[in-house]
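Following: one structure in structure tokens, then a few remarks.
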Amino acid sequence: MIFIYVIALGGLFSLMGAIELFLRERSFRFWMRWFAHRLFFLHGIILVLLGFPLTFYNGKWSTFVFIVGLFMVITGPFVIVYPEKIRESFGEISSEMGEETVKKLVLFDSAVRLIIGIIFLYCALSTYLLSSRNVSMMLSWYF
């Protein structure tokens, strides 16, 4: 049943990435407000909670899904423990390199999120369809 989780997360990532690609200015403002919010440490908790089940996925491209899940689990504690450092680094990037660079970073993040979401959908759906095809082949063999 982990493939349902990967499908749901892939759909969520794809939707978020697509929205951020089409609404670039709003997503930039959203991320800047979120980095500055006092509850930003919750982002790290969410990363750990969403990434941990991905490390158990066993299907098509399971190594890719495992690496993404592991990356989320590893980066989550840094966000929990050092939210101020992350805020400071984004503040320094925007002050030194300008808002355009930060907008490009947000655009890159949304493109990566969209690609990961599409790959998650492909992995889980192809694994599910292969397993259901195998089950139907076995049932047709017996009947």
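The values are calculated or read from the model by the stated rules, or taken from the named source; none is laboratory data. Values in this document were obtained by computation on a predicted structure and should not be read as measured data. As a convention, Cβ positions derive from the backbone with ideal geometry for all residues, glycine included, and neighbour counts pool all protein chains shown.
One residue stands out among those in the stretch 47-88 that are among the β-branched types (Val, Ile, Thr) and exposed (fewer than 14 other Cβ atoms within 10 Å of the Cβ): the one that is nearest to residue 112 (Cα to Cα), which is 67. Do the conditions hold for residue 17, that is, is it surrounded by 15 or more Cβ atoms within 10 Å (Cβ to Cβ), without any contact (Cβ under 8 Å) to a residue 40 or more places away in the chain and more than 17 Å from residue 64 (Cα to Cα)? The answer is no for residue 17.
What about residue 54, is it of a type outside the set (Val, Ile, Thr), at pLDDT below 90, part of a helix (DSSP H, G or I) and under 19 Å from residue 13 (Cα atoms)? Taking the combined requirement at face value, the residue does not satisfy it. Does residue 47 satisfy the condition of being in contact (Cβ under 8 Å) with a residue 60 or more places away in the chain and either within 21 Å of residue 18 (Cα to Cα) or not hydroxyl-bearing (Ser, Thr, Tyr) (or both)? Considered against the rule, which asks whether it is in contact (Cβ under 8 Å) with a residue 60 or more places away in the chain and either within 21 Å of residue 18 (Cα to Cα) or not hydroxyl-bearing (Ser, Thr, Tyr) (or both), residue 47 comes out as no.
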